[in-house]
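J.: Provided herewith is a single structure, encoded as structure tokens, for subsequent inquiry.
Just so you know, all these numbers are worked out from the coordinates, no wet-lab data involved. Just so we're clear, the structure is a prediction, and the values are computed from it rather than from any experiment. Virtual Cβ from ideal backbone geometry, glycine too; neighbours counted across all protein chains shown.
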Amino acid sequence: MIKVENVYKRFDEVEALKGVTLKIQRGSIFGIVGRNGAGKTTLLKILTGVYKQDSGIVSIESKSVFENPQVKSKIFFVPDNPYFFGSFSIYDMANFYKGIYNSWDSHHFENLLKIFNLPLKKRISKFSKGMQKQCAVLFALSSRPEVLVLDEPFDGLDPVIRQSVKKLLIEDVADRSTTVIISSHNLRELEDYCDTIAILHEGKVLLCSNIEELKLDTCKIQAVFKKNFLPESLSRFKVISYSKKGNIEVIIAKGNREEILDTLKGFEPVVLDILPLSLEEIFIYEMGGLKDELVQILD
């Protein structure tokens, strides 16, 4: 498990992280969402030992990360703007990483080359940003790290390559229990394959939830009742939102879906429909008084 406990980080007058606390399970895909300047990159660099936190604890399997070569050898960090030696080709960089990571898998590297279809003899420094991102992911997956950290990895990738990268990450987690931590400014980019997502805003974690549990736990219901319905009748559940326009009532509630529906059936519904609810909507409703800030982040 990766633990981040009450972490603060300041750069001169800018407080980049303010008491960040997270728990990241091994073998999961953990997404961090936030606008530019939210503190995502700072957090990732602390997680990978590039920066040292001013205070708080960052540990992987109970071991400190900063200045710990044994722990850092199990981590691969793909920054937003990957760096490659000016004259190096893909094979040159592969040999470089092979010398750093004992876990380097040459067979896997050759298989991945067929998927990415990148020019092998050309200098990587001459590649487009999207192609350089593909190279970084290629080297990361070939290094077979225990923890893979990616900062905005889909920026500059076309839709087909994006899907290929997502598929490869999911396969790596399934096959090897790799822990993947990935940042993005786009919630929709992450929601279809992350296990857990944290919302970071102005250096603070606004919300952190398991996606599957959140979706199973939250339902949006549109109904027309014969009997007079009062939201208080769902008091044993958490009613996140309630609205009424004419005869149509819309309820968003957390709890056992079947039990909620059974309760509503007591009001003799003429119409009782379960409506689709996006993860973005759930997060906004969950935030309550902070939902204006969340709308800005996800806009």
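J.: Tell me, what is the percent relative contact order of the chain, built from C-alpha pairs under 8 Å that lie six or more residues apart?
T.: It rounds to 20 percent for the chain.
J.: Restricting to DSSP loop positions (anything but H, G, I, E, B) with no more than 16 other Cβ atoms inside 10 Å of their own Cβ, which GluC sites (Glu not before Pro) remain in segment 1-47?
T.: Those that pass, being in a loop and sparsely packed, are Glu13.
J.: What angle, in degrees between 0 and 90 and rounded to the nearest 10, separates the Cα long axis of helix 129-142 from the longest principal axis of the Cα atoms of the chain?
T.: 80 degrees
J.: Based on DSSP loop calls and a cut-off of at most 13 other Cβ atoms within 10 Å, the longest stretch of the chain free of exposed chymotrypsin sites (Phe, Trp or Tyr not before Pro) is what?
T.: Counting at most 13 other Cβ atoms within 10 Å as exposed, the longest clean stretch of the chain is 86-299.
J.: While we're here: I'd like the orientation of helix 159-176 relative to the chain: the angle between its Cα long axis and the longest Cα principal axis, in ° from 0 to 90, rounded to 10.
T.: Long axis of 159-176 versus the principal axis of the chain: about 90 degrees.
J.: How big is D for segment 188-297, in µm² s⁻¹ as a whole number, if Stokes-Einstein is applied with the Kirkwood radius of its Cα pairs at 10 °C and 1.306 mPa s?
T.: After rounding, the answer is 105 µm²/s.
J.: Could you work out how far helix 90-100 tilts from the main Cα principal axis of the chain, as a 0 to 90 degree angle to the nearest 10?
T.: With both axes taken from Cα atoms, the answer is about 90 degrees.
J.: Past the 31 Å Cα-Cα mark, which pairs from Lys215/Lys245; Lys121/Lys166; Lys23/Lys121; Lys52/Lys254; Lys9/Lys121? Can you show the working numbers first?
T.: Numbers: Lys215/Lys245 25 Å; Lys121/Lys166 26 Å; Lys23/Lys121 42 Å; Lys52/Lys254 39 Å; Lys9/Lys121 41 Å.
Lys23/Lys121; Lys52/Lys254; Lys9/Lys121, as the Cα separations exceed 31 Å there.
J.: Could you pull out the trypsin sites (Lys or Arg not before Pro) across segment 1-69 that fall in loop regions by DSSP (anything but H, G, I, E, B) with no more than 15 other Cβ atoms inside 10 Å? It would help to have the intermediate numbers written out before the result.
T.: On the way: sites: Lys3, Lys9, Arg10, Lys18, Lys23, Arg26, Arg35, Lys40, Lys45, Lys52, Lys63; in loops: Arg26, Arg35, Lys52.
Qualifying residues, ordered by number: Arg26, Arg35, Lys52.
J.: Note down the relative contact order for segment 37-109 as a percent, whole number, built from C-alpha pairs under 8 angstrom at least six residues apart.
T.: Worked out over segment 37-109, it gives 19 percent.
J.: Just from the alpha-carbon atoms, what are the Rg and Dmax of segment 17-68 in angstroms?
T.: Cα-based Rg and Dmax for segment 17-68 come out at 11.3, 30 Å.
J.: In terms of modelled amide H atoms, which long-range or inter-chain residues lie less than 5 Å from the amide H of Tyr51?
T.: The list, which skips near neighbours in sequence, is Ile46.
J.: Can you work out the base-10 log of I(q)/I(0) for segment 2-213 at q = 0.09 1/Å, using the Debye formula on its C-alpha atoms alone?
T.: -0.33
J.: Loop only by DSSP, 13 or fewer other Cβ within 10 Å of the Cβ. Give me the trypsin sites (Lys or Arg not before Pro) in segment 120-190 that pass, ordered by residue number.
T.: For trypsin sites (Lys or Arg not before Pro) across segment 120-190 that sit outside H, G, I, E and B with at most 13 neighbouring Cβ atoms in 10 Å, the list reads Lys121, Lys122.
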